[in-house]
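What follows is a single structure, written as structure tokens, with notes after it.
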Amino acid sequence: MNLLFKKIKSIFTGKLIVNPFDRKRAREGLISIRVFSLQKEASRRYTKPLMLSLLLRLIFLLLPAGSLVLAGCEVNTDGNWEKVRKDIRSTFPGVKQISTEELQAWLTAQDSVRPLLIDRREAEEYAVSHLQGAFHADDMEDALKIIEKEGKDRPIVVYCSVGYRSSVLARKLGKAGFTNNYNLEGSIFKWANEGRPLYRGDRQVHVVHSYDSKWRKFLNRKLWYIPPKQ
């Protein structure tokens, strides 16, 4: 491994990679200077592209899990909400968006049909906190079961951590004929950042599962859920 990093370093320092044993033998006259020069030329011509290839493979292998874009997820991890909003809207142009302000007004209105809230996060995320009355769905199949049970004619609002996973599900629901559905823009992170109510079961709480070290930068540090020590 040390040799690999030395070779990688040589790419940027411009130093040649030559077998040190052959260098010594050349000095001692055990191999001809011509042969040694040819080795240096080969190193100059082939080491750099070879090591660049190895470097790219090494970077790929060392990338943390989840850092690649999968199904429209995991991009723009610099904490910039505007970039996330624009990316979600451009990636899912057919998905209707609803703001946190609009959803809270809808939920508190007395004369409107309450939307069906679907939480498209993992079960352990949902267990930490969720929007009041939201149903957890791991996938499209779960979502369809919830809709079948709770009412096909009800409007639907889907959310996740920041809106990527929920947009994927909202798009699938739209294609399945449930066109009166929305993605909660900013999802539970933005909802929580704005001080809106969170629940664990029937009890109000003030923490949110932060998903991972990259995405938690979108969540107020005071809201990070810290699991109890075993």
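What follows draws every value from the coordinates through simple rules; no lab data is involved. This one's a predicted model, so the numbers in the text were calculated from it and none came from an experiment. Quick reminder, even Gly has a Cβ in these numbers, built from the backbone with ideal geometry, and neighbours come from all protein chains shown.
Points to keep in mind about this one:
- For LEU116, the residues 5 or more places off, or on other chains, whose built amide H falls under 5 Å of its own are ILE156, VAL157.
- Calculated FRET efficiency, HIS206 to ASP153, Cβ-Cβ distance, R0 = 41 Å: about 0.75 to the nearest 0.05.
- Cα-Cα separations in segment 140-214 greater than 16 Å, expressed as whole percent: 55
- Rg over Rh for segment 81-223 works out to 0.93, using Cα positions for both radii and the Kirkwood form for Rh.
- Counting neighbouring beta carbons within 10 Å and listing from fewest to most, the residues HIS209, HIS136 come out as HIS136, HIS209.
- When the listed pairs LYS86/LYS214; LYS96/LYS175; LYS83/LYS222; LYS149/LYS190; LYS83/LYS214 are checked against a 21 Å cut-off, the alpha-carbon distance exceeds it for LYS83/LYS222; LYS149/LYS190.
- For LYS172, LYS96, order by how many other beta-carbon atoms lie within 10 Å, fewest first: LYS96, LYS172
- Computed lengthening from ARG196 to ILE226, 0.36 nm per intervening residue step minus Cα-Cα distance: 8.8 nm
- Legend: calculated FRET efficiency, LEU144 to GLU124, from the Cβ-Cβ distance at R0 = 30 Å, rounded to 0.05, equals 0.85.
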